[in-house]
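The values are calculated or read from the model by the stated rules, or taken from the named source; none is laboratory data. Small disclaimer: the values here were computed from a predicted structure and weren't measured. Here Cβ is always computed from backbone atoms with ideal geometry, including for glycine, and neighbour counts include all displayed protein chains.
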Amino acid sequence: MQVLRELQPTKVFQYFEEICNIPHGSGNLDGISSYLEQFAKKRGLFYVRDHTNNIIIVKEATQGYEEVEPIILQGHMDMVAVKKADCDINLEKDSLKLKIDGDFVYAEGTSLGGDDGIAVAYILAIMDSNDISHPRIEAVITTDEEVGMEGATAIDLSMLKAKRMMNIDSEEEGILLTSCAGGAKIDCNIPIEREEKTAIFYRIKVGGLLGGHSGVEINKERGNAIKMLGRVLHRACKEMSIQIAELAGGEKDNAIPREAEAVVLVEATQENRFVELVKEIEEILKNENNTKEKNLYIISEKLGNQNKRILTEESTKRVTEFLMVLPNGIMAMSVDIAGLVETSLNVGILKLEENKMITSSAIRSSIESAKKYLMEQIKVASGLVGGSISIHGEYPGWQYDPDSKLRATMVQVYEEMFGEEPKVEAIHAGLECGIMISKIPGLDCVSFGPNIYDIHTTEERLSISSTERMWNYILEILKRK
Ligand SMILES: [Zn+2]
């Protein structure tokens, strides 16, 4: 375990190694939080440890920097702790087995937690120094970022003086993140009435879709199996009398659903036409999704004569109409940042209970009011068919600030040090910055970090040279007055 201590910058890798010796997967943070508390105590630094294990450590300005605006350095102490099937490390108790391969540090058999241990290591190295010039530093190290940003949501920042913040939780050197999405989960409950019937039933199945993450892959315009199923059902309803017996689709509200299916009653006289109609819609949807969803299929399968408690014709019509009008996919693109999805919605889960149909969707927007507007639209759509909504897991976004001073400084320093312009980007997913801004109005943020590859997997690796470059970059930014 001595290997890392020989790497540059020495202190950063020394602290990184110490962190890797303390298990710190999300939800298992007492140990790492105590370690950080001890760190501050030993050095006489002011600190606060709260009931969710978040830690704030303050280091006053060095000589000559007393008048410079204070700055928050921020990262999260938890990691996504995963291991290979044949790895015998106990991630709840054991140290990681750090290894070096060329320019990379990785952990044998497990994830590394470079996301976001490197932020903690940078922060401790700065806090421990006596030869680095900096303004007052307020280090904010949060908990359980990886499982819903719970630490950031709970933390009290009222004691902080800084109005600017470097979030060190991005994984690509040369990219400065300047905006992220806020989000919410929204469930729609559409009441239904049932009746019992013995008749011929068919299963309709939509499948073969690619799916993906509802934030970072929504821009790929992938097919949504639930929306496609709604289209099939609606078309069938228009032409013949069908009644829904079962409905199901998707697994998670933040995953684009790859499959969905329904069981429907079909009148004996309309069986042939029903089968034909499903084929027709399959052709139409294949054509529409020609280049992006090559394996899409929509099939019908006869289940035969059965007795079931099914939706009345009126309820069938209502739920299919709702699935037709429920918005899905990209709602708006940003005009400030090319290629950025500004507002989106993913209808991720469809299920049927005895007396209601439920859809669960994930909404994202970097503009808070646009998120609220979309939530209101869905509420109105639900209301039109007699339904209601419930909202949970709401978190705020981070809107692009065209006048950010910190970004201007960070762009300038980057150009001076590395001879090229950094890319200024935004992501259509959540970052803690959105939550921090909601607690410190006007907080000027930039998120960045060294190159880390394949985060959240056992292949995760941190670039040593990039860690050194970003270290020097941070020090230079702190030095600017
Ligand atoms: Zn992270």
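Couple of notes before you dig in:
- Checking GLY348, GLY393, GLY383 one by one, the residue that is outside any loop (DSSP other than H, G, I, E, B), surrounded by fewer than 19 Cβ atoms within 10 Å (Cβ to Cβ) and either at pLDDT 95 or above or polar (S, T, N, Q) (or both) is GLY383 and no other.
- Given (1) within 15 Å of the ligand (Cβ to nearest atom); (2) farther than 22 Å from VAL12 by Cβ; (3) buried (at least 19 other Cβ atoms within 10 Å of the Cβ); (4) of a type outside the set (D, E, K, R), index of the condition ALA429 fails: (3)
- Meets criteria (of a type outside the set (D, E, K, R), outside any loop (DSSP other than H, G, I, E, B), closer than 22 Å to PHE16 by Cα and more than 27 Å from the chain's Cα centre (by Cα)) for LEU462: no
Here's the yes/no breakdown for (1) within 28 Å of the chain's Cα centre (by Cα); (2) within 26 Å of ILE464 (Cα to Cα); (3) crowded, with 24+ Cβ neighbours inside 10 Å:
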| site | (1), (2), (3) |
| --- | --- |
| ILE56 | yes, no, no |
| HIS76 | yes, yes, yes |
| GLU92 | yes, no, no |
| LEU96 | yes, yes, yes |
| VAL105 | yes, yes, yes |
| GLU108 | yes, yes, no |
| ALA121 | yes, yes, yes |
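- Going through (1) more than 16 Å from the ligand (Cβ to nearest atom); (2) in contact with a Phe, Trp or Tyr (Cβ under 7 Å, 6 or more places away or on another chain) one by one, TYR122 falls short only on (1).
- Any chance LEU233 is assigned to a helix (DSSP H, G or I), closer than 17 Å to VAL206 by Cβ and of a type outside the set (Val, Ile, Thr): yes
- Listed by first and then second residue, the pairs with beta-carbon distance under 6 Å, at least 6 apart or on different chains, first residue in the range 469-481 and without any contact (Cβ under 8 Å) to a residue 40 or more places away in the chain, second buried (at least 20 other Cβ atoms within 10 Å of the Cβ), form an empty list.
- Residues that are over 22 Å from ARG318 (Cα atoms) and among the polar types (S, T, N, Q), drawn from the range 242-270: ASN254, THR269
- Odd one out for GLU282, checked against (1) in contact (Cβ under 8 Å) with a residue 60 or more places away in the chain; (2) touching a Phe, Trp or Tyr at 6+ places or on another chain (Cβ under 8 Å): (1)
- Within the range 260-274, one or more residues are aromatic (Phe, Trp, Tyr), at pLDDT 95 or above and in a helix (DSSP H, G or I).
- Qualifying residue in the range 192-215 (condition: modelled with pLDDT under 95 and within 16 Å of the ligand (Cβ to nearest atom)): yes
- For the range 147-175, the candidate set comprises residues that are assigned to a strand (DSSP E or B) and within 16 Å of the ligand (Cβ to nearest atom); within that set, the residue that is surrounded by the most Cβ atoms within 10 Å (Cβ to Cβ) is MET166.
- Some residue of the range 251-259 being among the aliphatic types (A, V, I, L, M), part of a loop (DSSP other than H, G, I, E, B) and either in the same structural domain as PHE322 (by TED's automatic domain parsing) or crowded, with 24+ Cβ neighbours inside 10 Å (or both): no
- Within the option set GLU421, GLU415, being part of a loop (DSSP other than H, G, I, E, B), out of contact with any His (no Cβ under 7 Å at 6 or more places or on another chain) and over 23 Å from GLU217 (Cα atoms) holds for one residue only, GLU421.
- Single condition ARG309 does not satisfy, out of (1) in contact with an Asp or Glu (Cβ under 6 Å, 6 or more places away or on another chain); (2) in a helix (DSSP H, G or I): (2)
- Given (1) more than 21 Å from MET149 (Cα to Cα); (2) in the same structural domain as ALA154 (by TED's automatic domain parsing); (3) of a type in the set (Val, Ile, Thr); (4) at pLDDT 95 or above, index of the condition VAL424 fails: (4)
- Which numbered condition LYS220 misses (of (1) surrounded by fewer than 17 Cβ atoms within 10 Å (Cβ to Cβ); (2) of a type outside the set (Gly, Ala, Ser); (3) under 28 Å from LEU443 (Cα atoms)): (3)
- From the options GLY44, GLY64, residue that is without any contact (Cβ under 8 Å) to a residue 24 or more places away in the chain and part of a loop (DSSP other than H, G, I, E, B): GLY44
- Residue check for SER361: among the polar types (S, T, N, Q), part of a strand (DSSP E or B), buried (at least 21 other Cβ atoms within 10 Å of the Cβ) and at negative phi: yes
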